[in-house]
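The values are calculated or read from the model by the stated rules, or taken from the named source; none is laboratory data. Small disclaimer: the values here were computed from a predicted structure and weren't measured. Reconstructed Cβ throughout: ideal geometry from the backbone, glycine too, with neighbour counts over all protein chains shown. Just the protein is used for accessible areas: all its heavy atoms, side chains included, with ligands, DNA and RNA removed. Shrake-Rupley method; radii C 1.70, N 1.55, O 1.52, S 1.80 Å.
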Amino acid sequence: TINNAADATYIQPGQAFFIRLLAEGSINLSANLQKSTNNAPFRSAATVWTSVKLNASNGTDKYITEVKFNEAMTKGLDESYDAGLFRANNNFALYTRLLDGNSTDICLQALPTTSDAIPVGVDHTAGGNVTFTESSFPEGYNVVLEDRQEKVFTDLRSASASYTANVAANKQGKGRFF
């Protein structure tokens, strides 16, 4: 997922990318969006964002969702910063939800620094164990996964920390994990 919360990324001619549309229609990519480079940065300077990468695995599949922090962001949809989930696997998915109650599944969320609980969703068609880990270890941030069903809080700030939860078949995990 590429957006304004990430550094500029280029693809080679002939490669493809996906665009998620809210309705049927066409897209026009203007000439100013069609750039080439010889390893020169697209932006004048990279912006450093603190981020948390939450990983979930069911033993076969793995998903990562990321939350990045910047004081210019909001708790709602920040266009060209928040990225909706494009499901490559309908049987297993990990995502967050916006703090304003928006029901879109988000794979990359940009937020202001907050102590709010961020809703985490897990969809697992087959059901079974899902193991959560964190892979970015941001300095000065507490990364705690809350399982409200089991009333368990797990600190995921160390490389060896993990939490395994049993998710019922055909159950979407919205409202259970934060």
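Tabulated values for the structure
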| read-out | value |
| --- | --- |
| Residue pairs meeting the criteria (Cβ under 7 Å; at least 6 apart or on separate chains; first assigned to a strand (DSSP E or B), in segment 153-178; second open to solvent by 50 Å² or more (accessible area, probe 1.4 Å) and hydrophobic (A, V, I, L, M, F, W, C)) | PHE153/VAL144; THR154/VAL144; ASP155/VAL144 |
| Check on SER115, open to solvent by less than 50 Å² (accessible area, probe 1.4 Å), assigned to a loop (DSSP other than H, G, I, E, B), under 19 Å from PHE69 (Cα atoms) and at pLDDT below 95 | no |
| Test: residue in segment 1-18 that is open to solvent by 70 Å² or more (accessible area, probe 1.4 Å) and modelled with pLDDT of 80 or more | no |
| Criterion (open to solvent by 80 Å² or more (accessible area, probe 1.4 Å) and touching a residue at least 24 places away in the same chain (Cβ under 8 Å)) met by exactly one of PHE86, PHE69 | PHE86 |
| Residue check for GLU134: out of contact with any strand residue (DSSP E or B) (no Cβ under 9 Å at 6 or more places or on another chain) and either buried (at least 20 other Cβ atoms within 10 Å of the Cβ) or at pLDDT below 95 (or both) | no |
| The one condition in (1) modelled with pLDDT under 75; (2) touching a strand residue (DSSP E or B) at 6+ places or on another chain (Cβ under 9 Å); (3) not β-branched (Val, Ile, Thr) that ASP82 fails to fulfil | (1) |
| Qualifying positions in segment 150-171 - in contact with a strand residue (DSSP E or B) (Cβ under 8 Å, 6 or more places away or on another chain) and polar (S, T, N, Q) | THR154, SER162, THR164, ASN166 |
| Hey, GLU146 over 16 Å from the mean Cα position of the chain (by Cα) and open to solvent by 80 Å² or more (accessible area, probe 1.4 Å) or not | no |
| Residues of segment 104-114 classified as farther than 15 Å from ARG20 by Cβ and over 11 Å from the mean Cα position of the chain (by Cα), total | 4 |
| Residue among TYR141, TYR95, TYR63 that is surrounded by fewer than 18 Cβ atoms within 10 Å (Cβ to Cβ) and either in a loop (DSSP other than H, G, I, E, B) or under 14 Å from the mean Cα position of the chain (by Cα) (or both) | TYR141 |
